[in-house]
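No value in this document is a laboratory result; all are computed from the given coordinates. Since the structure is predicted, the reported quantities are computational estimates derived from the model, not experimental observations. A quick note on method: Cβ atoms are made from the backbone with ideal geometry, for glycine too, and the neighbour counts reach across all protein chains shown.
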Amino acid sequence: MEAIIFCGIQATGKTTFYVEHFMNSHVRISMDLLHTRNKERIFLDTCLQTHQRFVVDNTNPTRQDRERYISPAREAKYRVIGYYFKSDPEEAVERNSRREDNKQIPMAGIKGAAKKLEVPRLEEGFDELYHVSIQQGAFVVEAFPGG
């Protein structure tokens, strides 16, 4: 059983990465789809109870945000893997501007998430931690320094 937790500001490629790497093997848990924490909690609980592999595709900028998924997954004996999507906020704003108008995130939202972003650490409960960057239009995944 595997729980994957994404961490990174908006417009860093998290959902595209999910589609390219996990769509056929893991359920996607996302506030973009579920809209409320209550629905998200119910969906997460269902995944845990049915031993379904899942990806949490949210910004998860703080350790506290990530804890809401890591602790229950660890208690359910899941392997917990983190992917940190590092991006310069200005690059994210530029990528965001290329989205369809109804899918764009307000610039204040991107900048606000960047300000509160805490780089994830293995000590939070991850079994593995990876760094994802976009280089020449492609995702590059590397073992996280110290991870």
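Numbers below:
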read-out	value
All positions within the range 51-78 that are part of a helix (DSSP H, G or I) and over 14 Å from the mean Cα position of the chain (by Cα)	SER71, PRO72, ALA73, ARG74, GLU75
Breaking point among (1) assigned to a helix (DSSP H, G or I); (2) more than 24 Å from GLY112 (Cβ to Cβ); (3) over 13 Å from the mean Cα position of the chain (by Cα), for ARG41	(2)
Within the range 73-89, considering residues that are surrounded by fewer than 21 Cβ atoms within 10 Å (Cβ to Cβ) and either among the aromatic types (Phe, Trp, Tyr) or out of contact with any Lys or Arg (no Cβ under 9 Å at 6 or more places or on another chain) (or both), the one farthest from PHE43 (Cα to Cα)	ASP88
Matching residues, the range 121-141, being over 16 Å from ARG79 (Cα atoms), under 15 Å from the mean Cα position of the chain (by Cα) and either loosely packed, with under 15 Cβ neighbours inside 10 Å or not β-branched (Val, Ile, Thr) (or both)	HIS131, SER133, PHE139, VAL141
The range 1-17, subset within 9 Å of the chain's Cα centre (by Cα) and assigned to a helix (DSSP H, G or I), residue nearest to GLN64 (Cα to Cα)	LYS14
The range 10-50: number of residues that are of a type in the set (S, T, N, Q) and under 19 Å from GLY82 (Cβ atoms)	6
